[in-house]
Amino acid sequence: MPRNRIFTSVAVTALLLAGCGTADQGTTAAPGASGAPTPVKLQLQWFYQAQFAGYIAAVDQGFYAEQGLDVELLEGAVDIVPQTVLAQGKADYAVAWVPKALASREQGAGITDVGQIFARSGTYQVAWADSGITKAADLKGKKVGNWGFGNEFELFAGMTKAGIDPGKDVTLVQQQFDMQALLKKEIDAAQAMSYNEYAQLLEATNPATGKLYTADDFSIIDWKTEGSSMLQDAVWANTEKLNDPAYQQQTVKFLTGTIKGWAFCRDNAEKCRDLVVAKGSKLGKSHQLWQMNETNKLIWPSTGGIGVIDPAAWQQTVDISMTAKNQTGETVLTKAPEGLAYTNDYINQALEAAKTAGVDVTGTNFQPTTVTLESGGA
Amino acid sequence: MRRILPIAAGLLLAALLWEGYKALGNPAGTVLFGVRVLPRADDLSMPHLATIADRLGSPELAGGRPVWQVVLEACVFTLGITATGFLAGAVVGLLLAVAMQRFRIVERGLLPYVILSQTVPLVALAPLIAGWGGILMPPWATVAVIAAYLAFFPVAVGMLRGLQSPSAAGVELMRSYAAGWWRTLLKLRFPAALPYLFPALRLAGAAAVVGAVVGEISTGTRGGIGRLIIEYSREATSDPAKVYTAMLGAALLGLLVAGAVSLLELPLMRHRRHVEVVTL
């Protein structure tokens with residue numbers, strides 16, 4: 001038995017090493033060769049989940065292929081910063097939150113927002129319903145969880161706006177990936193994304209009843225209503241390469257495929273859920289359907305057409321980035337973004353192309369569904 | 001049988017400690033002067049062993065494969081990465097040790113950097129190496145590089161000590177036989193270094209496991225136990241037992257590697273008495 005094990009591990013190693021030698025060849029197909037699709041890499045922010053369903057669907061349904069693009073999706077990870085990957089040229093486009101990407105821009109990353117896919121923010125601060133916390137001002141004197149790493153500024157801007165000094169009036173607690181701290185009442189209010197962590201709460205069993213927690217057990221502070229929300233998922237392109245007509249065209253094509261992908265997921269939420277699950281997501285089906293539905297709410301209806309950057313929302317994001325201080329007194333940005341931080345040139349062309357192809361790019365009639373979460377999201 | 005008994009007893013003791021603490025410990029944890037000195041004993045923080053075992057047997061997702069199968073498969077994947085990293089690290093470590101033994105100036109020049117290399121935080125290094133994935137090498141190989149980076153160090157330092165361990169009399173004897181450096185290395189220094197090498201390899205094995213798991217977490221490499229830990233830990237809110245199944249997998253991986261490395265010793269050390277050595 002043990003001897004076999006050694007043999008197996010040696011054999012596995014040999015196989016892996018053999019694979020190593022040949023893997024480099026063949027992957028670099030000549031770009032732009034006559035008729036061959038152009039390879040494009042898109043860096044996502046995290047593992048495959050419905051938050052990225054539009055891109056996954058555009059690949060799967062051939063929306064990129066019909067634009068002549070061979071799009072490869074790159075999963076994110078703990079230490080992968082999408083906008084940095086983009087700026088280093090290891091990806092052609094990246095999905096990133098606006099404030100974080102702007103911070104990277106200030107550090108020298110040459111990137112431009114070419115499509116604001118999520119028009120609205122999905123960040124909540126969740127508390128127990130019986131805590132009486134329903135608005136930012138109620139957080140005074142409470143233990144407030146936050147994720148840090150640049151994910152916390154809507155919370156800090158919201159508290160500041162409500163007259164709370166985040167450095168003095170609340171106890172700030174660094175939050176983990178999960179919502180256990182709230183369930184164990186170690187903190188009074190926890191940061192949560194509408195499409196992910198909030199759903200996890202509703203998938204957990206209430207030990208008092210033996211049933212799942214319900215929305216009635218919790219109260220939500222939504223930063224959209226508090227007026228401190230910031231723009232989130234956007235498609236970023238390489239600023240320097242945007243001077244190249246070929247990359248400009250490719251950007252329009254990429255955005256066209258992306259628009260079609262998201263429109264498809266608006267109209268076929270369950271099909272897109274299945275696509276995400278088939279990608280090997282470890283989160284369950286009901287969780288992914290919830291996430292799909294919530295993600296759709298952040299996009300649709302889209303008055304100006306999906307992806308168009310609303311200058312007012314952009315300005316609010318920039319203003320908060322320059323003024324809201326976190327617990328260490330830092331702001332996201334020290335000065336207003338310089339150069340081409342965003343442009344609607346390409347998304348407008350892509351919207352025209354999509355409209356011509358008969359795609360509903362505003363989703364005026366979009367109605368979210370009601371998703372029932374199962375235990376553990378299964 | 002004589003070997004299995006203590007192992008089984010150890011496992012049983014660990015299980016008793018876990019359940020015992022759950023039974024006796026404060027569910028809200030023990031807090032002294034505002035600092036939590038003992039962990040919470042509630043079901044969210046410390047699920048019952050039966051719950052974890054039950055989770056291992058039940059499907060990962062509705063209608064999917066049972067968790068134990070997924071965890072085991074992830075272990076095999078990470079074992080491959082660990083083995084690659086371990087072998088690469090051991091070879092690099094050996095070569096460095098030989099070079100440092102051969103040339104004093106190399107030892108003086110290189111050894112500080114070898115030691116310095118281990119003070120670079122992995123979280124700073126991992127994204128850099130992860131960037132090679134898909135360009136210089138397949139993504140999984142970047143994780144093996146991280147494992148090798150941790151594994152080469154004990155081998156280089158331990159082996160150098162071993163190669164330098166023969167007494168002056170032994171070296172002079174070889175010289176009196178007109179044996180060159182190469183022959184002295186093969187006949188005298190390598191055999192003398194073996195008792196130093198094996199403890200170093202054990203350290204390297206453990207380091208390779210840590211490197212592979214942390215590297216997977218950091219780069220998000222699909223298929224391994226590190227990735228599984230991070231995926232399951234996200235579900236800790238609603239399914240706290242699940243993340244423990246992945247941790248059990250990581251522990252199993254560590255045991256497998258430790259066992260495999262100690263088996264390497266058997267053929268080479270059979271005729272040798274064990275010598276007490278200090279490697280570092």
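The values are calculated or read from the model by the stated rules, or taken from the named source; none is laboratory data. Model, not experiment: these values are computed from the prediction. Cβ coordinates were reconstructed from backbone atoms using ideal geometry, including for glycine residues, and neighbour counts include every protein chain displayed.
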Scan of the stretch B:1-48 for residues that are closer than 21 Å to B:D239 by Cα, at pLDDT below 85 and of a type in the set (A, V, I, L, M, F, W, C), ordered by number: B:A28
- prompt: Under the condition of being assigned to a helix (DSSP H, G or I) and small (G, A, S), which residue from the stretch A:235-289 is farthest from A:E75 (Cα to Cα)?
  reply: A:A246
task: Considering only the stretch B:222-231, state which residues are of a type outside the set (D, E, K, R), within 8 Å of chain A (Cβ to nearest Cβ) and more than 18 Å from the chain's Cα centre (by Cα).
output: B:I230
- line: A careful count of residues in the stretch A:317-359 that are crowded, with 17+ Cβ neighbours inside 10 Å and under 18 Å from A:Q116 (Cβ atoms) gives 20
- request: Look through the stretch B:88-117, keep the residues that are in contact (Cβ under 8 Å) with a residue 40 or more places away in the chain and within 14 Å of another protein chain (Cβ to nearest Cβ), and return whichever of them is surrounded by the most Cβ atoms within 10 Å (Cβ to Cβ).
  value: B:G89
Test set (1) closer than 20 Å to B:F153 by Cα; (2) part of a helix (DSSP H, G or I); (3) more than 14 Å from chain A (Cβ to nearest Cβ) - B:T84 fails condition number: (3)
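Scan the stretch A:311-323 and give yes if some residue there is assigned by TED's automatic domain parsing to the domain that holds A:G284 and in a loop (DSSP other than H, G, I, E, B), otherwise no.
Here is the first cut: in the stretch A:311-323, the residues assigned by TED's automatic domain parsing to the domain that holds A:G284 are A:311-323.
Remaining after also requiring in a loop (DSSP other than H, G, I, E, B): none.
Within the stretch A:311-323 (the criterion being assigned by TED's automatic domain parsing to the domain that holds A:G284 and in a loop (DSSP other than H, G, I, E, B)), the answer is no, since none of the residues qualifies.
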field: A:V78 vs. criteria at pLDDT below 95, over 27 Å from A:Q250 (Cβ atoms), surrounded by fewer than 24 Cβ atoms within 10 Å (Cβ to Cβ) and within 13 Å of chain B (Cβ to nearest Cβ)
entry: yes
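Matching residues to (1) of a type outside the set (S, T, N, Q); (2) over 15 Å from A:I347 (Cα atoms):
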{"position": "A:Q248", "(1), (2)": "no, no"}
{"position": "A:E270", "(1), (2)": "yes, yes"}
{"position": "A:G284", "(1), (2)": "yes, yes"}
{"position": "A:I299", "(1), (2)": "yes, no"}
{"position": "A:T303", "(1), (2)": "no, no"}
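Step by step: first the residues of the stretch A:360-378, then only those that are of a type outside the set (D, E, K, R) and within 14 Å of chain B (Cβ to nearest Cβ), then the one that is surrounded by the fewest Cβ atoms within 10 Å (Cβ to Cβ). Which residue is that? Break it down into steps so the answer makes sense when it comes.
Taking the stretch A:360-378 as the starting set, the residues that turn out to be of a type outside the set (D, E, K, R) are A:361-373, A:375-378.
With within 14 Å of chain B (Cβ to nearest Cβ) added as a condition, the list becomes A:372-373, A:375-378.
Working: A:T372: 10, A:L373: 22, A:S375: 16, A:G376: 23, A:G377: 28, A:A378: 20.
Looking at residues that are of a type outside the set (D, E, K, R) and within 14 Å of chain B (Cβ to nearest Cβ), I get A:T372.
Only one of A:A157, A:A77, A:A103, A:A94 is over 30 Å from B:L128 (Cα atoms) and among the small types (G, A, S). Can you tell me which? Step through it out loud before you land on a result.
Details: A:A77 fails: over 30 Å from B:L128 (Cα atoms); A:A103 fails: over 30 Å from B:L128 (Cα atoms); A:A94 fails: over 30 Å from B:L128 (Cα atoms).
That would be A:A157, the only listed residue that is over 30 Å from B:L128 (Cα atoms) and among the small types (G, A, S).
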query: Considering the stretch B:54-76 alone, what residues qualify as being under 18 Å from the mean Cα position of the chain (by Cα) and facing chain A (nearest Cβ under 9 Å)?
result: B:V76
field: Selection from the stretch B:12-40 of residues that are part of a loop (DSSP other than H, G, I, E, B), surrounded by 12 or more Cβ atoms within 10 Å (Cβ to Cβ) and more than 29 Å from the chain's Cα centre (by Cα)
entry: B:G25, B:N26, B:P27, B:A28, B:G29
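Which one of these is of a type in the set (A, V, I, L, M, F, W, C), within 16 Å of A:N326 (Cα to Cα) and in contact (Cβ under 8 Å) with a residue 12 or more places away in the chain: A:A103, A:A94?
On the way: A:A94 fails: within 16 Å of A:N326 (Cα to Cα).
On inspection, the qualifying residue turns out to be A:A103.
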- prompt: When only residues in the stretch A:150-203 that are in contact with a Gly (Cβ under 8 Å, 6 or more places away or on another chain) and within 11 Å of chain B (Cβ to nearest Cβ) count, which is surrounded by the fewest Cβ atoms within 10 Å (Cβ to Cβ)?
  reply: A:A181
task: Working carefully through the options B:R234, B:R189, find the one that is surrounded by 20 or more Cβ atoms within 10 Å (Cβ to Cβ) and either in contact with a Phe, Trp or Tyr (Cβ under 6 Å, 6 or more places away or on another chain) or within 12 Å of chain A (Cβ to nearest Cβ) (or both).
output: B:R234
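Tally time: how many residues in the stretch B:237-265 are closer than 21 Å to B:W18 by Cβ, in contact (Cβ under 8 Å) with a residue 24 or more places away in the chain and small (G, A, S)?
Within the stretch B:237-265, the subset closer than 21 Å to B:W18 by Cβ is B:239-255.
Now drop any that are not in contact (Cβ under 8 Å) with a residue 24 or more places away in the chain, which leaves B:239-242, B:244-246, B:248-250, B:252-254.
Applying the additional criterion that residues be small (G, A, S) yields B:241, B:246, B:249-250, B:254.
Residues meeting the conditions: 5.
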The stretch B:128-168, residues that are farther than 21 Å from B:F77 by Cα, facing another protein chain (nearest Cβ under 10 Å) and part of a helix (DSSP H, G or I): B:L128
field: Residue that is farthest from the other protein chains (Cβ to nearest Cβ), among those in the stretch A:208-230 that are in contact with an Asp or Glu (Cβ under 7 Å, 6 or more places away or on another chain) and outside any strand (DSSP E or B)
entry: A:S228
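Per-residue answers, yes or no, for (1) at pLDDT below 90; (2) buried (at least 23 other Cβ atoms within 10 Å of the Cβ); (3) more than 28 Å from B:G93 (Cβ to Cβ):
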residue	(1), (2), (3)
B:P199	no, no, no
B:A206	no, no, no
B:T221	yes, yes, no
B:L228	no, yes, yes
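I want to confirm something. Restricting to the stretch B:225-239 and keeping residues that are of a type outside the set (V, I, T) and assigned to a helix (DSSP H, G or I), which single residue is nearest to B:V71 (Cα to Cα)?
Initial filter on the stretch B:225-239 (of a type outside the set (V, I, T)): B:226-228, B:231-236, B:238-239.
Filter again for assigned to a helix (DSSP H, G or I), leaving B:226-228, B:231-233.
On the way: B:G226: 10, B:R227: 11, B:L228: 8, B:E231: 12, B:Y232: 11, B:S233: 14 Å.
Among those residues, the one meeting the criterion is B:L228.
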